[in-house]
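Q: Here it is, the structure in full.
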Amino acid sequence: MNLIETLQNLEPLFIKAGALACKMQKGVKQYNKFNTGNPISDIVTEADLAVQELLLQAMSKTGLVDCFLMAEEKTPLTNRFNKQGKYYLAIDPIDDTAIYAKNGKFFSQIISLHDGKNFLYMFCQFPALNWIHKVVNNNYSVSGQTPYFSLPSQAKNTLVYWSGDPEKNIPKELFTKLRDKGLNFSQIKSLSQDVGSIAMLASNRVAGVYQEDMNVYDGLTEYNIGLAKGLEVHAKGAGGRVDLLNIQQRATGLYYPGYCLELIG
């Protein structure tokens, strides 16, 4: 059984892990694992740790244990995986933890695998919404109904981002082209405090998503979806793609330096 098949066979467990996150959400305890002042990276909850250990317990009993593991939280089972592995397995047990911690519904769980050149598998589920996005060998599929959420009218002409400086990092010619098309960059929180960039991109509610110095744990979900859907994708790397072997360390964990930009329409 290859690693993609192994992950596909574990999808019922992923669903179970999502259900555990939902069960633990009400009254969940949170604390800061970092002190950057940014709740996106600082907050962790008991549920993050429990969900990750549930996933790793099953994964560590399969061929996935030979992968280089990039897990967002430091939990006991992370040490079982191969630090010299040639395949890269990433886990974000609860993405958008700040939304989760305030009992919001637009949080997700993300598992991905790449070989250093291409993503082979990505599973992103919004367990509170029964909404699942998968990319397998660049083939994109969705299950569940696209949930409704409210955004201001300018969202359709907005390129959203969490942090960074798109004007500084995007090539001047491309930035000017986007501006001339009437598109504007704006931080996500200016549109919504309750919905993140994955849901905005996947539901075609914004003009695109910009990411900078991307953390490795969420499997570059927007980038993955953008490539698989045939969107216009730009990145700082050879051929306009993210260099998946250029993994760097910072205070908040591992990341891919540079930027990527996914454009809708």
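Quick note: the coordinates plus some simple rules give every number you see, no bench work behind them. As the structure is a prediction and not an experimental result, all values here were calculated from the model. Virtual Cβ from ideal backbone geometry, glycine too; neighbours counted across all protein chains shown.
Q: Can you tell me which residue is nearest to L261 (Cα to Cα) among those in segment 156-195 that are touching a residue at least 40 places away in the same chain (Cβ under 8 Å) and hydroxyl-bearing (S, T, Y)?
A: Checked segment 156-195; the qualifying residue nearest to L261 (Cα to Cα) is Y161.
Q: Of the residues in segment 75-122, how many are among the aliphatic types (A, V, I, L, M), in contact with a Ser or Thr (Cβ under 9 Å, 6 or more places away or on another chain) and surrounded by fewer than 22 Cβ atoms within 10 Å (Cβ to Cβ)?
A: The qualifying residues number 3.
Q: Okay, next question. With respect to the numbered conditions (1) under 26 Å from K236 (Cα atoms); (2) surrounded by 13 or more Cβ atoms within 10 Å (Cβ to Cβ); (3) among the acidic types (D, E), which one is the sole condition not fulfilled by D180?
A: With (1) under 26 Å from K236 (Cα atoms); (2) surrounded by 13 or more Cβ atoms within 10 Å (Cβ to Cβ); (3) among the acidic types (D, E) applied to D180, the lone miss is (2).
Q: Checking the structure you have, find out if any residue of segment 222-229 is buried (at least 19 other Cβ atoms within 10 Å of the Cβ), under 20 Å from F185 (Cα atoms) and touching a Ser or Thr at 6+ places or on another chain (Cβ under 8 Å).
A: Looking for residues that are buried (at least 19 other Cβ atoms within 10 Å of the Cβ), under 20 Å from F185 (Cα atoms) and touching a Ser or Thr at 6+ places or on another chain (Cβ under 8 Å), one finds at least one in segment 222-229, hence yes.
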